[in-house]
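Read the figures in this text as sums done on the coordinates, not as results from a lab. Owing to the predicted nature of the structure, the values given are computational and were not obtained by experimental measurement. Glycine also receives a Cβ, built like all others from the backbone with ideal geometry; neighbour counts cover every protein chain displayed.
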Amino acid sequence: DTEVTQTPKHLVMGMTNKKSLKCEQHMGHRAMYWYKQKAKKPPELMFVYSYEKLSINESVPSRFSPECPNSSLLNLHLHALQPEDSALYLCASSQDPGAGQPQHFGDGTRLSIL
Amino acid sequence: GNSVTQMEGPVTLSEEAFLTINCTYTATGYPSLFWYVQYPGEGLQLLLKATKADDKGSNKGFEATYRKETTSFHLEKGSVQVSDSAVYFCALCDLRGYNKLIFGAGTRLAVHP
């Protein structure tokens, strides 16, 4: 069982759709992360939120829009995605943004773009 | 810059064999080091960690020692099981960047009965 919960587990959408991915943790962690993982590759960092503020954007296209409504929730809003955006999207959290703490991952949302 | 290099897989072993997955790193300072495991269809699970030189992380029979002199963090297990079949990622934590993780390429392990 994972302490980081992601919904939905699977998502199929067209290139003109708008959808959102959700991530929730109740461990009191103050840093949250979005990753994209393609098959047989390590996760690639997309965004980092520290104390509910966007701290890192790894030059992600604007069709991906992150949001952190509160310290427990993290959303990723999707709009006008491309087929190459099909991947596993992972959320993670860590206790303290700057102390070398490990990240705890959810099971991910597997996204398919038609 | 910081980087992690892992041995390429796949690694195929028989049950009860000894496992070593090599990991070396390049980093400024003394980063924390981690091994994560990813089972099919799942996210990454933290397997073990080490935060300073000579630390030994251990969990579920797996061990890795933080070797500063050789900049290595090799993963070992004395007797693997079929249930250990997964992808293993070595990672370092960039202390300057919000615990940003730098991952190795991953090593796929397949254990046969």
A:Asn70 and B:Thr70 label points (each 7 Å along its Cα→Cβ direction) are spaced in nm at 5.0
Answer in debye to the nearest 20: the dipole magnitude of segment A:1-70 about its Cα centre, from +1 Lys/Arg and -1 Asp/Glu charges placed on Cβ, is 380
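For segment B:49-110, take the convex hull of the Cα atoms, compute a quarter of its surface area, and give me that in nm², please. Don't skip to the end; give the middle numbers.
Numbers: hull surface 19.6 nm².
If I average the Cα hull's projected area over directions, I get 4.9 nm².
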Dividing the mean separation of Cα pairs under 8 Å (6+ apart) by the residue count of chain B yields a relative contact order in percent of 36
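When a/c is below 1.5 the answer is rounded, else prolate if a/b is larger than b/c, else oblate, so apply that to chain A with a ≥ b ≥ c taken from the square roots of the Cα gyration tensor eigenvalues. Intermediate values should be presented prior to the final figure.
On the way: a/c = 1.73, a/b = 1.61, b/c = 1.07.
Here chain A falls in the prolate category.
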The set of cysteines in chain B having no other cysteine's C-beta under 4.7 Å reads B:Cys93
Restricting to Cα pairs under 8 Å and 6 or more apart, the percent relative contact order of chain A works out to 38
What the Cα atoms of chain B span along the principal axes, largest first and in whole Å, is 44, 28, 22
Log10 I(q)/I(0) at q = 0.12 Å⁻¹ for the protein assembly as shown, from Debye over equal alpha-carbon scatterers, is -0.65
Beyond 27 Å (Cα-Cα) in this structure, taken from A:Lys18/A:Lys53; A:Lys9/B:Lys56; A:Lys22/B:Lys100; A:Lys36/B:Lys52, we find A:Lys9/B:Lys56; A:Lys36/B:Lys52
In nm, the gap between the two label points placed 7 Å beyond Cα toward Cβ at A:His79 and B:Ser14 is 5.9
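If each residue's Cβ is checked for other Cβ atoms within 10 Å, how do A:Thr16, B:Thr12, B:Thr5 rank with the fewest at the top? Don't skip to the answer; put the middle values down first.
Details: A:Thr16 8, B:Thr12 12, B:Thr5 15.
With the fewest neighbours first, A:Thr16, B:Thr12, B:Thr5 line up as A:Thr16, B:Thr12, B:Thr5.
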